[in-house]
Amino acid sequence: MTRFDYGPLDFYAIAFDGDTPGPGVLKAIDDLVASGTVNLCDLVFAKRTADGELTVMELSDTTDSDGVPALDLAGLAGMDDIETLTTQIPPGKSAAILVVELLWAKAFAAALWDAGGAVVARQGIPAPVVNAFLSQHGDEEV
């Protein structure tokens, strides 16, 4: 059986009103890492200035790491990735670019590979959308 060193990666752009996410978000990321659900591969903060210029700071460039989870593969999100993921961030707003390895999917990916299979499409649905839909239609068959 194939054994992959890494599982699939997901890239997220998470918009915020402030310069960085609050400590609750960083704690939630740390909890996911501690539980073995994901590895945090990269975390980048990006801010779009009032004139539309994008400024970027890698988490590894910060000096204060209190409560900040450790990175597995710092620098994995390249500038092209960051620019693509932040196209919808308006001037004066910021985003966290989060790159996580899906540890729960590593063995599954190896089994797919060994069977000649491959994921050909993936669609994510944000939790607020799922919860709103199910709160209105939870008793119905979907």
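The values are calculated or read from the model by the stated rules, or taken from the named source; none is laboratory data. Source: prediction; values computed, not measured. Ideal geometry is used to build each Cβ from the backbone, glycine not excepted, and the neighbour counts take in all protein chains shown. For the accessible areas, the whole protein counts, side chains as well, though only heavy atoms, and no ligand, DNA or RNA atoms are used. Shrake-Rupley method; radii C 1.70, N 1.55, O 1.52, S 1.80 Å.
Assorted remarks:
- Checked against the criteria, Thr2 does not count as modelled with pLDDT under 80, among the polar types (S, T, N, Q) and open to solvent by less than 70 Å² (accessible area, probe 1.4 Å).
- Single residue of region 108-123 satisfying the filter (open to solvent by less than 80 Å² (accessible area, probe 1.4 Å) and without any contact (Cβ under 8 Å) to a residue 12 or more places away in the chain) that is farthest from the chain's Cα centre (by Cα): Gly116
- Residue in region 99-107 that is of a type in the set (Lys, Arg) and not in a loop (DSSP other than H, G, I, E, B) present: yes
- Looking at Val56, Val25, Val44, just one residue is surrounded by fewer than 19 Cβ atoms within 10 Å (Cβ to Cβ) and either assigned to a loop (DSSP other than H, G, I, E, B) or touching a residue at least 40 places away in the same chain (Cβ under 8 Å) (or both), and that residue is Val25.
- Taken as a whole, the condition of being touching a strand residue (DSSP E or B) at 6+ places or on another chain (Cβ under 6 Å) and assigned to a loop (DSSP other than H, G, I, E, B) applies to Ala77.
- Only listed residue being at positive phi, modelled with pLDDT under 95 and either aliphatic (A, V, I, L, M) or not in a helix (DSSP H, G or I) (or both), chosen from Gly92, Gly116, Gly124: Gly92
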